[in-house]
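The values are calculated or read from the model by the stated rules, or taken from the named source; none is laboratory data. Keep in mind that this is a model prediction, so the values were computed, not measured. Quick reminder, even Gly has a Cβ in these numbers, built from the backbone with ideal geometry, and neighbours come from all protein chains shown. These area figures cover heavy atoms from the full protein model, side chains too; ligands, DNA and RNA do not enter into them. Shrake-Rupley method; radii C 1.70, N 1.55, O 1.52, S 1.80 Å.
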Amino acid sequence: MMLGALFPAATLLLSGYALRPAGATFGPRRLAAVRAAVAVGAFATVGVEVLSAVDAVTTGPVVGLWLTGLAASAVLALLRRRRDVAGGRGSGIRDGIVALWRGASPVERLLGVALAGLVLAELVVALVSPPNNYDSYHYHLPRVEHWVAQGNVALYPTFAKHQVANPPGGEYLLLHLRLLTGGDGLYNLLQWAAALGCALAVSRIAAQLGAGRLGQLLAAATVVGAPMVVLEATSTQNDLVVAAWLACAATLVVDELSRRSPATAVLGIGAAAGLVVVTKPTGWLALGPVLLLWGLAQVRQRALVRAAVGTIAIIAVIGVLAGPYLSRVNAGFGSPLGPPEQSGNHTLQRHDPLSVLVNALRIGSSTLLVPVPQINQAVADGIIGFARAIGVDPQDPATTMYAYPSLRAFPDEDRSPYPVQSALVLIATFGALLARRVPGRVRAYALTVLGALSTYAAVLKWQPWGNRLVGGALILGAPLVGWALSAILARRHALLRPVIAGTVAVVVAGGTLHGYYAVALGAPRPLVGEHSVLLRDEWDLRFARMPGHLAGYEWGAAKVRAAGARRVGIVLIADQWEYPWWVMLPGTDLVSLQSVLPHQPAPPSTSVDAILCAAPQDVCRTFVPAGWRFETIDGWFGFAAPGR
């Protein structure tokens with residue numbers, strides 16, 4: 001069944017060949033990869049919605065969908081090949097890579113090998129470890145199983161608002177893998193591929209801004225070496241997926257800064273933007289400034305009518321990709337953004353300039369945490385003191401989810417800081433804005449990055465896991481790092497050049513080594529050490545975040561199997577996990593006996609054969625029908641079934 005994953009992979013490769021622009025340089029091939037990723041991502045998203053409309057989200061129709069996509073991409077690639085042959089051009093992919101390596105300097109080769117080693121180490125972790133991200137077990141992955149069980153992506157009764165209110169774009173892609181491969185064995189590869197996509201797109205943006213080959217490589221290194229990227233590249237979260245779509249949108253927009261956008265370019269930008277919108281709201285915050293950059297560039301080209309028509313077209317494409325999901329959420333909750341508390345818990349309720357400034361300082365300090373507790377505490381104390389001095393409560397619930405600060409600098413997929421990369425992005429961004437004789441497109445792009453940073457600070461509350469939520473700004477800012485370092489190294493100061501080059505080498509090496517440290521020892525999937533993914537069994541790894549709960553889940557699953565129950569009700573509270581039962585009980589119909597949907601109640605307890613519960617006993621008992629036997633273990637996990 002794992003071979004089913006070859007369908008989308010082959011479709012992507014053939015689409016990349018078909019969509020590559022004329023020319024034999026490496027840059028156009030990156031553009032081809034961006035175009036192919038956006039096209040295939042949009043195809044997968046629309047495909048889910050179309051199949052869902054006829055309750056056909058099942059293995060057979062999905063295989064047929066990808067066979068259709070594969071055939072179409074093969075035809076397009078064949079037509080492109082004929083044009084290349086007629087024009088006397090070959091694909092030149094192998095020759096281009098060989099030429100790139102031969103033309104690289106020793107420093108470029110060393111950095112390239114270091115980054116390749118890091119990516120390969122992540123690949124090993126992604127393939128060896130089963131999914132074990134906390135949020136994924138709570139809502140990312142259960143929603144995929146519910147869709148498979150019901151054959152569509154309609155809303156369903158659940159205790160978890162995130163399962164039905166959050167954008168589903170990332171999970172749509174996992175849904176394809178689930179139906180093509182029969183399980184979750186390749187789930188981690190989605191974010192791994194997204195990390196590569198981010199690196200590819202930011203290196204292209206660096207080239208578009210005027211950076212040389214070393215600068216482009218440094219931009220990619222800023223992304224690839226960031227501990228947050230390293231750790232998420234082996235997980236089933238969706239921060240890198242949305243960041244990849246954002247980076248695709250950005251590089252397509254930068255292409256249009258000096259010309260009037262043709263219809264094909266508008267379509268590509270709209271598709272990338274739609275994929276951002278359908279994947280994660282944090283991506284929307286950075287997408288706004290990116291689309292504004294495109295609009296202003298078109299106005300500057302005196303293409304007002306074309307800009308207006310293009311804007312309508314982009315909105316229309318976004319509607320095609322994200323409209324169905326937004327419509328369902330609006331019907332379920334009375335708002336396309338879901339229940340009020342869904343966004344209210346994460347967004348600022350105060351937007352006065354001083355509160356936003358303090359929030360920006362707190363977010364920035366969290367990304368800049370270093371492995372020296374005294375420094376981190378001193379910085380946090382300084383921000384708290386500054387906030388109080390200007391009359392802002394640094395712990396105001398209107399701007400803070402939990403008490404600030406959280407000084408955990410250890411690499412963790414939910415909280416890991418990225419101090420080297422964050423500092424480089426901030427320095428490069430403000431440097432591009434304040435320095436003299438900066439090219440216009442570089443300054444315009446820096447303003448876009450600043451707009452994204454400002455939007456995050458003005459919308460997102462400070463929270464302990466906020467480092468991954470603002471990762472989109474890291475991705476957008478990385479090209480400026482490559483441009484700035486490339487520009488600095490190009491300066492002809494004989495005395496300062498060795499010092500500058502040495503400083504850059506130390507900084508880049510430090511950032512890359514931090515990435516290696518993250519993949520080696522980061523939580524919850526370290527590559528080495530006593531908790532290595534290479535040494536632990538599957539279920540030990542799956543419960544790495546809650547090892548004490550494994551026995552309770554296994555106990556409940558054993559009870560269901562012994563009872564021969566086919567339709568099982570589940571009861572959970574807070575952010576408890578539902579997904580392990582889907583894996584432990586294949587073929588069992590799991591339904592929630594709780595519902596957050598105002599107009600879609602949960603089924604009654606009497607409609608199921610048994611009940612599994614992960615909640616206090618008094619909560620569990622309220623769902624047990626009269627006359628059923630009820631058993632518990634550890635005062636938390638419960639099982640109920642008919643009879644005494």
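With all protein chains in place and a 1.4 Å probe, the accessible surface of region 306-420 carries 68 percent carbon and sulfur.
The orientation-averaged shadow of the Cα convex hull for region 143-265, equal to a quarter of the hull surface, comes to 10.0 nm². Students often get this wrong, so try it: which of (i) 25.9; (ii) 30.3; (iii) 38.2 is Kirkwood radius over Cα pairs in Å as calculated from the structure shown? Entry (i). Based on a Kirkwood Rh over C-alpha pairs, give the Stokes-Einstein translational diffusion coefficient of region 333-372 at 20 °C and viscosity 1.002 mPa s in µm²/s. Rounded to a whole number, D works out at 172 µm²/s.
When every Cα-Cα distance of region 193-348 is counted in 5 angstrom steps from zero, the calculated P(r) takes the values 2, 9, 15, 18, 18, 16, 12, 7, 2, 0, 0 percent. Among the trypsin sites (Lys or Arg not before Pro) within region 437-531, those in coil by DSSP and having at most 10 neighbouring Cβ atoms inside 10 Å are 437, 491, 492. What the Kirkwood sum gives for region 422-502 is a hydrodynamic radius of 13.8 Å, with every pair of different alpha carbons counted.
Relative contact order for the chain: 17 percent, from Cα pairs under 8 Å spaced at least 6 residues apart, divided by residue count. Surface composition of region 484-637: carbon and sulfur atoms hold 60% of the protein heavy-atom accessible area at a 1.4 Å probe.
Dividing the Cα radius of gyration of region 1-77 by 2.2 N^0.38 Å, with N the residue count, gives 1.19. Computed with a 1.4 Å probe over protein heavy atoms only, the accessible surface of the chain comes to 40 Å² per residue.
When peptides 297-305, 3-11 are ranked by their average number of other Cβ atoms within 10 Å per residue, the highest-first order is 3-11, 297-305.
At the listed q of 0.10, 0.20 Å⁻¹, the Debye profile of region 474-590, built from one uniform point per Cα, gives log10 I(q)/I(0) equal to -0.58, -1.09. Could you please state how large a percent of the accessible area of region 193-286 is carbon and sulfur, counting protein chains only and using a 1.4 Å probe? Here it works out to 67 percent.
When its C-alpha radius of gyration is set against 2.2 N^0.38 Å (N residues), region 377-421 gives a value of 1.33.
Charges were assigned to the Cβ only: +1 to each Lys and Arg, -1 to each Asp and Glu. The resulting dipole of the chain about its Cα centre is roughly 2720 debye.
Residue ranges 521-528, 399-406 sort as 521-528, 399-406 when ordered by packing (mean number of other C-beta atoms within 10 Å per residue, highest first). Beta bridges assigned by DSSP with both partners in the chain are antiparallel in approximately 50 percent of cases. From most to least packed by mean Cβ count within 10 Å, the peptides 235-241, 514-520 give 235-241, 514-520.
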